[in-house]
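Data block below; observations after.
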Amino acid sequence: MTRKYLALVCALLLVLLCGCAPAAPVADDTYDDMIVVGFSQVGAESDWRNANTRSMQQALSEQNGYRLILDDAQQKQEKQITAIRNFIHQGVDYIVLAPTTEKGWDTVLAEAKSAGIPVIIVDRMIEAEDDSMFTCWIGSDFRKEGDEAVAWLEKRFGDEALRIVHLQGNIGSSAQIGRTEGLDHALAEHPQWELVYRDTGDFTQAKGQELVEALLARNVQFDVIYSENDNMAYGAIDALKKAGLQPGKDVTIISFDASHRALELVMAGEISFDVECNPLHGPRVQAIIEKLEAGGKPPKLTYVEESTFDAATITREIMDGRGY
Ligand code: GYE
């Protein structure tokens, strides 16, 4: 504290004497009282991801007593591993990891563990050798999300013949694995549902559009697009419209995330069913850290509550009350 005040006084004197402010932060120990968090984020591939990043930045703000070091891994696991090593090297107080894929974390998490840095996993899950590698996890039940999507499809189409196009998220991510398992399970139960195409669109709008455009160019016929996130669905919708097809009428679209833009499309009837995936993990992580700071023990696994939307259940009030 004393050193900090001394540095502040020196900086003030500098301003008074020379009429100029020091270019760099006064001193590193400006952050002495702050909790330093290194956050390894997957990337910026989707609206969901951006809402998630904003939520973390808002909750773990300087105003709230945090110094957040954010690293965007551009959807590459090796970049995340490097970021975590940098956080360990910098001696952060906590590491928050939103993992790209489930596998491949044992070595780097063992390094964090031996450095004594708690690791909080958010959003997707990891497959760890032993679960002492991380302090706790908070995120969604992706298999349940997949099950909800196919339950709607069953209710809407029953045993009708359906040709389904499946746009997958990043292969090996929990969000892809759970949502794909839900569909696979339903495909096995409904022999009259045919999977006509399946590929990854990497959770991006551009890739979703590209895949559906390619299908239409090959004249592949389909009734349903099962898109594992909203951004790929936006791309698919653009591709359908460009080909003169009406999303929601000629092709039924099922999507995941239920971000604001997607719910507008649910209202407009272009997306028929959207399964919510809640990205607002910032305050949840903040609460976990506060608990740990106070010597408490947060639950090992926490699933956030989520709902689903179709044209019958969406209202303007619901939309206006949403933070993403
Ligand atoms: O559905 C997608 C994002 O892991 C839940 O990642 C997240 C998924 C989300 O890119 O839009």
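What follows draws every value from the coordinates through simple rules; no lab data is involved. Bear in mind that the values here come from a model prediction, so they are computed numbers and not experimental data. Cβ coordinates were reconstructed from backbone atoms using ideal geometry, including for glycine residues, and neighbour counts include every protein chain displayed.
Within 10 Å, count the other beta carbons around each residue, average over each peptide in 142-148, 89-95, and list them highest first.
Taking the mean over residues of other Cβ atoms within 10 Å, the ranking is 142-148, 89-95.
Name the residues whose placed amide hydrogens come within less than 5 Å of the amide hydrogen of Leu195, ignoring near sequence neighbours (fewer than 5 apart) on the same chain.
Close amide H contacts, sequence-distant or interchain: Ile164.
With runs of 4+ DSSP H residues as the only contributors, calculate the mean residue ellipticity of the chain at 222 nm using -39,500 (n - 2.57) per run, divided by the residue total and rounded to the nearest 500.
That calculation yields -13000 deg cm²/dmol at 222 nm.
Report the full-extension gain for the segment Lys291 to Asp33: residue separation times 0.36 nm, less the Cα-Cα distance, to one decimal in nm.
Gain in length upon complete extension: 91.2 nm.
About the Cα centre of the chain, what is the dipole size in debye to 20, counting +1 per Lys and Arg Cβ and -1 per Asp and Glu Cβ, all else neutral?
760 debye
Across the range 252-264, in residue order, what do the Karplus-derived ³J(HN,Hα) couplings come to in whole Hz, using 6.51 cos²θ - 1.76 cosθ + 1.60 with θ = phi - 60° and x for Gly and Pro?
Here the 3J(HN,Hα) series is 8, 10, 10, 9, 10, 3, 6, 6, 3, 4, 5, 5, 4 Hz.
Given R₀ = 22 Å, what would the calculated FRET efficiency be for Glu160 paired with Gln246, taking r from the Cβ atoms and rounding to 0.05?
0.70
Considering only Asn229, Ile253, Thr53, whose Cα is most displaced toward the positive end of the charge dipole of the chain, charges sitting on Cβ of Lys, Arg (+1) and Asp, Glu (-1)?
Final value for the positive-end residue is Thr53.
Restricting to the chain, what percent of DSSP beta bridges are antiparallel, rounded to 5?
Taking every DSSP beta bridge within the chain, about 5 percent pair in antiparallel fashion.
Got a sec to turn the phi values of the range 68-76 into Karplus ³J(HN,Hα) couplings, 6.51 cos²θ - 1.76 cosθ + 1.60 with θ = phi - 60°, whole Hz, x for Gly and Pro?
Each residue's phi maps through the Karplus curve to give 9, 9, 9, 10, 9, 8, 6, 6, 10 Hz.
Under the rule of at least 5 residues apart or a separate chain, name every residue whose amide H is placed under 5 Å from the amide H of Val96.
The list, which skips near neighbours in sequence, is Gly38, Phe39, Ser40, Ile120.
Please list 158-169, 262-273, 231-242 highest first by mean number of surrounding beta-carbon atoms within 10 Å per residue.
In descending order of packing, they fall as 231-242, 262-273, 158-169.
What residues qualify as long-range amide H neighbours of Val251, i.e. H under 5 Å apart, gap of 5 or more or another chain, H built at 1.01 Å from N?
Amide H neighbours of Val251, under 5 Å, 5+ apart: Gln246.
Beyond 27 Å, what share of the Cα-Cα pairs of the chain is found? Please give it as a whole percent.
So the portion of pairs separated by more than 27 Å is 50 percent.
Rounded to whole Hz and in sequence order, give me ³J(HN,Hα) for the range 298-309 from the Karplus expression 6.51 cos²θ - 1.76 cosθ + 1.60, θ = phi - 60°, writing x for Gly and Pro.
With coefficients 6.51, -1.76 and 1.60, one gets x, x, 4, 10, 10, 9, 7, 7, 9, 10, 9, 9 Hz.
Ranking request for peptides 79-87, 127-135, 200-208: highest mean number of other beta-carbon atoms within 10 Å first, then the rest in descending order.
200-208, 79-87, 127-135
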